[in-house]
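**Student:** I have a structure here, written as structure tokens, and I will follow up with some questions on it.
The values are calculated or read from the model by the stated rules, or taken from the named source; none is laboratory data. The model shown is predicted, which means the values in this text are computed figures rather than measured ones. Because the Cβ atoms are built from the backbone with ideal geometry, glycine has one as well, and the counts that use them run over all protein chains shown. Ligands, DNA and RNA are excluded from the accessible area calculation, which covers all protein heavy atoms including side chains. Shrake-Rupley method; radii C 1.70, N 1.55, O 1.52, S 1.80 Å.
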Amino acid sequence: MKISISVLRRYTDLPESDRAVRDLLDDVGIEVKRADGSGGLTVELLANRGDHYAYDGIAREVAARTGGAVRLPESTSLTVGDSPIEVVLETEHCLLYTATLLERRGTAGRLPPAVLAPLDAAGIHSLTAPVDATNLSNVEIGQPTHVFDADKIDGAIVVRLSTAGEQAWPLFRDGPVDVPEGTMVIADRSKILAIAGVIGCEDSKATAETTRIVLESACFDPVKVRVASRALGIHTDSTARFERGSDPARPLMGAGRVVQLLEAHGGWQRSGNTGVMGSWTDPGRTIACNPAAASTYLGVDLDLARVQDLLGRQGFALTGSDAAGRPQFRVPTWRLWDVSFTADLYEELAKAIGYNDTPVTLPLVSRGALPSEAELRKQATEEVLLGAGFYEVFTDGFHGRGVPALLDVPAEGHALSRHVETLNALDRDYSLLKNNALGQAILAVQGNLRNKTEDVKLYEWTRTFHPRVDQDRTTPLDKATPPCTERPLLWAIASGRDRSRAWADRSRPADVYFLKGILAEIATTLGLDLSLGPADPSQPLAIALHPG
């Protein structure tokens, strides 16, 4: 987002130098990516903070650190009641919808350059006063609004979900596009007027010749807006705010800001009351924040007065205490989408204090223990394998039915055909707890060969899972009884040559004799009596191995 330091000063007090402003923004989590040298900044905002995508949201973040006030732009108080604009709300995904009719009085005016400064900083070109005013509401206070030409609306305005086969003609597009079924739209009796939260449409837009406009200001479900934006491949400034969660309490404020600008500068006048549709009410969410617990969490001494001051700067109001005596703070409407837990309040406290002003300490730890015999053997074994050029890999604990098929295991009656199976696996390729690792080892070699890596040496420490022999597939297990036994396993596999090729190439095939040498070295290192011999026919994996 592009902002202007001089415009930001309208909303809160800032340090005198532009450099100090940049440092302050960086420190409160609003990263400055670029400065143009004349007070213009390109900032990167937090992905989950829709309130940041406006000057007042950035100002509030700064004021939380400085303790200064946040100054909002002037907004007209609208009268809510029976409106000349009929609105029908047919979907719960629209939380609140307002419609205000305005009529032009005489010659249409233009907004003054000083008023348009936020748009100039953002690189948004001035068009007409109604369009500029809606863009300003978006950029200044984070409330997207839109204007329709009232004389192009056929009957009532209906907020609904689109049906199969519908089309709309989005602004700035060459022609109509298909609208996915279930997309939230603003429509009349004959056409779609706008894709809700995303973009208006050509056949309802206000132009320089428009004499009556309908001002829309609403709050839409962020997921619905995000899905529609991605499906249509359209992303606008309104989308950026709505898809992150706009303030459900601001539609009237946003409409009031547009009305104030148009009545003061644009030559427009309200006609009738503002109609409001929607059942949203503030849930009054409260979250407990114990100053003592916050002090321990942040390593800073905090009392209730200090916590109340710091959180109050972000709009969190102390409402009392819960049954356990912990202070309760009410979440402001512009933070309902991202603040749900006590840890979220700790984060707000940390930002208000300043991460650089919290102590740096190491967590308390007990004294370590010497490695166990098993750990020492594992380490010694790995030294042998790594020295021979093997790489450690990590495979899944699950596989699909394709792996036993790869090993030519019969569908029934064989030890490797018995698995612990998940009944609700999202991916059927990962529905069986693995009872061997050979199939995955072969697939790992296959993947390397496909990528032209011919010399492959891999190993893994893993576990296999084997159903109890006394358990059938229909009798439910007691909760205290494990459904299988687990066996620790070390496997290694090699393909190609035993070492990387060189000019004086003395490499040999990584064959059974190469692996016999690895096994002998591990046996010597560990002092174990390990030997290599023919596969035991009773070993379940013998079915997949060479007879020799």
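**Student:** How big, in percent, is the set of alpha carbon pairs in the chain lying more than 41 Å apart?
**Tutor:** Considering the chain, 51 percent of its Cα-Cα pairs are separated by more than 41 Å.
**Student:** Just from its helices, what would the mean residue ellipticity at 222 nm be for the chain, if runs of 4 or more DSSP H residues each count -39500 (n - 2.57) and the sum is divided by every residue, rounded to the nearest 500 deg cm²/dmol? Before the final figure, lay out each step's value.
**Tutor:** Numbers: 15 runs with 150 residues, N = 548.
The helix contribution divided over the chain gives -8000 deg cm²/dmol.
**Student:** Can you give me the accessible area per residue for segment 94-163, using a 1.4 Å probe, in Å²? Display every interim value, and only then the final one.
**Tutor:** On the way: 2340 Å² over 70 residues.
Value for segment 94-163: 33 Å² per residue.
**Student:** So if R0 is 30 Å, what FRET efficiency would residue 355 and residue 74 give, r being the distance between their Cβ atoms, rounded to the nearest 0.05?
**Tutor:** Details: r = 35 Å, r/R0 = 1.17.
Rounded to the nearest 0.05, the efficiency is 0.30.
**Student:** What chymotrypsin sites (Phe, Trp or Tyr not before Pro) does segment 12-119 have in DSSP loop regions with at most 15 other beta carbons within 10 Å?
**Tutor:** In loop regions of segment 12-119 (DSSP not H, G, I, E or B), there are no sparsely surrounded chymotrypsin sites (Phe, Trp or Tyr not before Pro).
**Student:** Could you sort 280, 337, 503 by accessible area so the largest value comes first, with the probe set to 1.4 Å?
**Tutor:** Most to least solvent-accessible, the answer reads 503, 337, 280.
**Student:** Taking all protein chains in place and a 1.4 Å probe, what share, in percent, of the accessible surface of the chain do carbon and sulfur account for?
**Tutor:** Its accessible area is 52 percent carbon and sulfur atoms.
**Student:** Using only the alpha carbon atoms of segment 343-385, find the Kirkwood hydrodynamic radius as the inverse mean reciprocal pair distance, in angstroms to one decimal.
**Tutor:** Averaging 1/r across every pair of different Cα atoms and inverting gives 14.7 Å.
**Student:** Could you give the radius of gyration (one decimal) and Dmax (whole number) of the Cα atoms in segment 284-375, in Å?
**Tutor:** Calculated on Cα positions, Rg and Dmax stand at 17.3, 58 Å.
**Student:** Have a look at the DSSP beta bridges in the chain and tell me what percent are antiparallel, nearest 5.
**Tutor:** Taking every DSSP beta bridge within the chain, about 90 percent pair in antiparallel fashion.
**Student:** Here's another thing I want to ask about it. Taking just the alpha-carbon atoms of segment 357-492, what radius of gyration and Dmax come out, in angstrom?
**Tutor:** Reported Rg and Dmax, both Å: 19.8, 67.
**Student:** For an R0 of 22 angstrom, estimate the FRET efficiency from the Cβ-Cβ distance between residue 543 and residue 393 and round to the nearest 0.05.
**Tutor:** Working: r = 24 Å, r/R0 = 1.09.
Working from the Cβ atoms, E equals 0.40.
**Student:** Please list, in order along segment 327-338, the HN-Hα scalar couplings obtained from phi with the Karplus expression 6.51 cos²θ - 1.76 cosθ + 1.60 (θ = phi - 60°), rounded to whole Hz, x for Gly and Pro.
**Tutor:** x, 10, 10, 7, 7, x, 5, 6, 10, 5, 7, 10
**Student:** Something else now. What are the semi-axes of the equivalent ellipsoid for segment 4-120, taken as the square roots of 5 times the Cα gyration tensor eigenvalues, largest first, in whole Å?
**Tutor:** Semi-axes (√(5λ), whole Å): 34, 20, 14.
**Student:** Go through 427, 301, 188 and list them by solvent-accessible area, largest first, probe radius 1.4 Å.
**Tutor:** Working: 427 75, 301 150, 188 10 Å².
So the residues, ranked largest to smallest area, are 301, 427, 188.
**Student:** Quick check of the Kirkwood formula: for segment 1-58, what is the inverse mean of 1/r over all pairs of different Cα atoms, in Å?
**Tutor:** The answer is 11.4 Å.
**Student:** From the phi of every residue in segment 272-284, what ³J(HN,Hα) in whole Hz does the Karplus formula 6.51 cos²θ - 1.76 cosθ + 1.60 yield, where θ is phi - 60° and glycine or proline is x?
**Tutor:** x, 7, 8, x, 10, 10, x, 9, 5, 9, 4, x, x
**Student:** What net charge do the residues around residue 189 carry, taking every other residue with its C-beta under 15 Å from that of residue 189, with Lys and Arg at +1 and Asp and Glu at -1?
**Tutor:** -4
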